[in-house]
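**Q** Sharing a structure here in structure tokens format.
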Amino acid sequence: MARVAFIGLGNMGGGMAANLVKAGHEVVAFDLSADALARAEGRGATRAATAAEAMKDAEAVVTMLPAGRHVRAVYAESVLGQAPKGAILMDCSTIDVASARAVIADAAAAGYDMVDAPVSGGIAAAEAGTLTFMAGGTDAAFARARPFLEQMGKAVIHAGEAGAGQAAKICNNMLLGATMVATCEAFAMAKRLGLDLQTFYDISSKASGQSWSMTSYCPVPGVGPETPADRDYEGGFAAALMLKDLRLAMAAAESVDAYTPMGAEAEELYTRFAEALGGGGKDFSAIIKMIDDSWVPPEGTVAPPPPLGAKV
Ligand code: NAD
């Protein structure tokens with residue numbers, strides 16, 4: 001078993017670190033939030049006073065941070081040069097491909113093996129240890145990271161070279177955002193055409209319109225398996241995080257001159273829903289309420305709702 005430095009013990013990192021503790025590792029944790037750190041300590045981790053202190057004698061480092069700028073700063077200031085040279089470095093945050101590549105290149109120049117290893121699956125999967133990891137990096141780095149990732153997930157896939165994990169993650173989530181919007185508009189139109197929505201589900205889930213957004217994550221309450229729609233769209237994957245991923249996808253598309261009209265439309269619709277209409281805290285399938293015009297913006301939403309079809 002190893003000594004693992006874990007930085008970023010928020011919604012996702014908290015459960016992931018607890019699973020490493022359960023697997024028998026000595027987890028040394030640091031987070032800027034005292035609450036997050038106290039929760040991690042309560043779940044068996046040892047508290048460090050700073051990120052750099054957590055690196056002492058670490059054999060592995062896991063980071064689970066909000067965005068690229070946090071990852072760049074933490075690695076530059078507290079990981080590279082502070083962790084022992086033999087430590088394997090794993091960044092599991094969802095960040096832009098360019099930052100992932102830059103940090104891994106800096107790590108390699110400083111003599112470390114590192115992978116970008118973003119996850120699919122939300123807070124429940126982080127708790128249950130059933131995340132899917134998609135990792136980028138050299139074969140040697142992946143081979144060293146894999147045993148740790150397997151203790152936090154149900155599937156660990158080598159996506160390619162440095163940054164490939166982030167590339168796979170945002171291509172997947174761009175597809176997810178677009179299929180969710182398409183599924184929502186199909187249900188909204190079916191309703192206006194007088195179809196029973198359960199009947200439409202029974203047909204489409206076995207026909208060519210089927211997708212994960214329909215059969216595993218149906219946005220209509222009471223139809224299909226139990227989903228956040230059945231809990232007033234609470235829990236699940238927040239619309240604000242979907243918007244974050246769509247923005248990363250659009251930035252990546254621009255950087256390689258990829259034509260992504262559906263991704264761009266999904267980004268615009270989630271901007272409208274999550275920001276202008278105050279739906280960012282709801283599950284991302286709640287966008288169906290904007291599409292069928294039943295969404296009531298929460299009190300305090302200042303921006304007037306722009307008409308559908310207008311650029312936001
Ligand atoms: P979170 O905001 O709950 O946790 C991030 C933690 O990082 C916070 O506790 C924060 O205090 C800490 N932090 C920020 N800067 C720091 C620093 N410099 N040093 C130490 N700690 C610092 O976010 P989350 O929901 O756990 O998500 C983490 C990452 O996982 C994000 O990149 C997100 O996009 C991705 N992700 C989230 C989900 C989800 O459902 N929440 C699913 C898949 C992927």
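The values are calculated or read from the model by the stated rules, or taken from the named source; none is laboratory data. What you see is a predicted model, and the numbers here were worked out from it, not measured in a lab. A quick note on method: Cβ atoms are made from the backbone with ideal geometry, for glycine too, and the neighbour counts reach across all protein chains shown. Accessible surface is based on the protein model in full, side chains and every heavy atom, while ligands, DNA and RNA are left aside. Shrake-Rupley method; radii C 1.70, N 1.55, O 1.52, S 1.80 Å.
**Q** Quick check: the angle from helix 261-271's long axis to the longest principal axis of the chain, C-alpha only, nearest 10 degrees?
**A** For helix 261-271, the angle is close to 90 degrees.
**Q** Another question, then. How much length, in nm to one decimal, is gained on full extension between residue 196 and residue 57, taken as 0.36 nm per residue of separation minus their Cα-Cα distance?
**A** Length difference between fully extended and current span is 43.9 nm.
**Q** Percent of alpha carbon pairs in region 167-312 separated by more than 24 Å?
**A** Value for region 167-312 (Cα pairs over 24 Å): 30 percent.
**Q** Which net charge results when you count Lys and Arg as +1 and Asp and Glu as -1 among the other residues whose beta-carbon is under 15 Å from that of residue 142?
**A** Charge balance in the 15 Å sphere: -4.
**Q** What FRET efficiency do you get for residue 108 and residue 212 if R0 is 41 Å and r is their Cβ-Cβ distance, rounded to the nearest 0.05? Provide the component values of the computation, followed by the final result.
**A** Numbers: r = 35 Å, r/R0 = 0.86.
Once rounded, the FRET efficiency stands at 0.70.
**Q** Could you size up the charge dipole of the chain around its Cα centre, putting +1 on the beta carbon of Lys and Arg and -1 on that of Asp and Glu, and report it in debye to the nearest 20?
**A** Working: 24 positive and 35 negative charges, 61 e Å.
Magnitude of the dipole: close to 300 debye.
**Q** Also: Compute the acute angle (0 to 90°) between the alpha-carbon long axis of helix 11-22 and the principal axis of greatest extent of the alpha-carbon atoms of the chain; round to the nearest 10°.
**A** 50 degrees
**Q** Under the definition of Cα pairs under 8 Å and six or more residues apart, what whole-number percent is the relative contact order of the chain?
**A** Details: 602 pairs, mean separation 37.2, N = 312.
About 12 percent, as a whole number.
**Q** With +1 assigned to the C-beta of every Lys and Arg and -1 to the C-beta of every Asp and Glu, and no other charges, what is the dipole magnitude of region 48-156 about the Cα centre in debye, to the nearest 20?
**A** With Lys and Arg at +1 and Asp and Glu at -1, about 100 debye.
**Q** Something else now. Among residues other than residue 67 whose Cβ falls under 14 Å from its Cβ, what is the net charge (Lys/Arg +1, Asp/Glu -1)?
**A** +1
**Q** Hey, what did region 1-119 get for relative contact order, percent, Cα under 8 Å, at least 6 apart?
**A** 23 percent
**Q** How do the peptides 34-42, 97-105 rank, highest first, by the average count of neighbouring beta carbon atoms within 10 Å per residue?
**A** So the order, starting with the most tightly packed, is 97-105, 34-42.
**Q** Okay, next question. Tell me the mean residue ellipticity at 222 nm calculated for the chain from its helices only (DSSP H runs of n ≥ 4, each -39500 (n - 2.57), averaged over every residue, nearest 500).
**A** Counting only the DSSP helices, I get -13000 deg cm²/dmol.
**Q** To continue, here is another question. Could you give the nm distance between label points at residue 299 and residue 138, where each point is 7 Å from its Cα heading toward the beta carbon?
**A** 5.9 nm
**Q** Please give the helix 97-109 orientation as an angle from the longest Cα principal axis of the chain, in degrees from 0 to 90, rounded to the nearest 10.
**A** Tilt of helix 97-109: around 10 degrees.
**Q** Also: Under 16 Å from the Cα of residue 191, which lysines turn up, not counting those fewer than eight places away in the same chain?
**A** Residue 191 reaches 289.
**Q** Compute the signed sum of charges (Lys and Arg +1, Asp and Glu -1) over the other residues within less than 15 Å, Cβ to Cβ, of residue 23. Don't jump to the answer; show the numbers that get you there.
**A** Details: positive: 3, 22, 43, 146, 154; negative: 26, 59, 127, 150.
That sum, taken over residues with Cβ under 15 Å, equals +1.
**Q** Could you give the size of the charge dipole of region 1-81 about its Cα centre, using +1 on the Cβ of each K and R and -1 on the Cβ of each D and E, expressed in debye and rounded to the nearest 20?
**A** For region 1-81, the charge dipole is close to 160 debye.
**Q** Something else about it: Consider just the alpha-carbon atoms of region 170-235 and return their Rg together with their Dmax, both in angstrom.
**A** Every Cα atom of region 170-235 included, Rg and Dmax give 11.6, 36 Å.
**Q** Continuing with this model, one more query. Which log10 I(q)/I(0) values does region 1-139 give at q = 0.09 Å⁻¹ under the Debye formula, counting every alpha carbon as one identical point scatterer?
**A** So the normalised log intensities work out to -0.22.
**Q** Calculated FRET efficiency, residue 254 and residue 123, Cβ-Cβ r, R0 41 Å, to nearest 0.05? Intermediate values should be presented prior to the final figure.
**A** Working: r = 30 Å, r/R0 = 0.74.
E between residue 254 and residue 123, to the nearest 0.05, is 0.85.
**Q** Further, regarding this structure: Return the Rg/Rh value of the chain, two decimal places, where both radii are evaluated on C-alpha atoms and Rh is the Kirkwood radius.
**A** Numbers: Rg = 20.6 Å, Rh = 20.4 Å.
Using only Cα positions, Rg/Rh for the chain is 1.01.
**Q** In the chain, what percent of the accessible surface is made up of carbon and sulfur (1.4 Å probe, ligands and nucleic acids excluded)? Could the numbers behind the result be given before it?
**A** Numbers: 8060 of 14070 Å².
The nonpolar share, carbon plus sulfur, comes to 57 percent.
**Q** Let me ask you something else. Taking the DSSP beta bridges in the chain as the whole, what percent of them are antiparallel, to the nearest 5?
**A** The antiparallel proportion sits near 15 percent.
**Q** Pull up the cross-link candidates among the lysines for residue 22, meaning alpha carbon to alpha carbon under 19 Å and not fewer than 8 places away within one chain.
**A** Answer for residue 22, where 19 Å is the Cα cut-off: 154, listed by chain and number.
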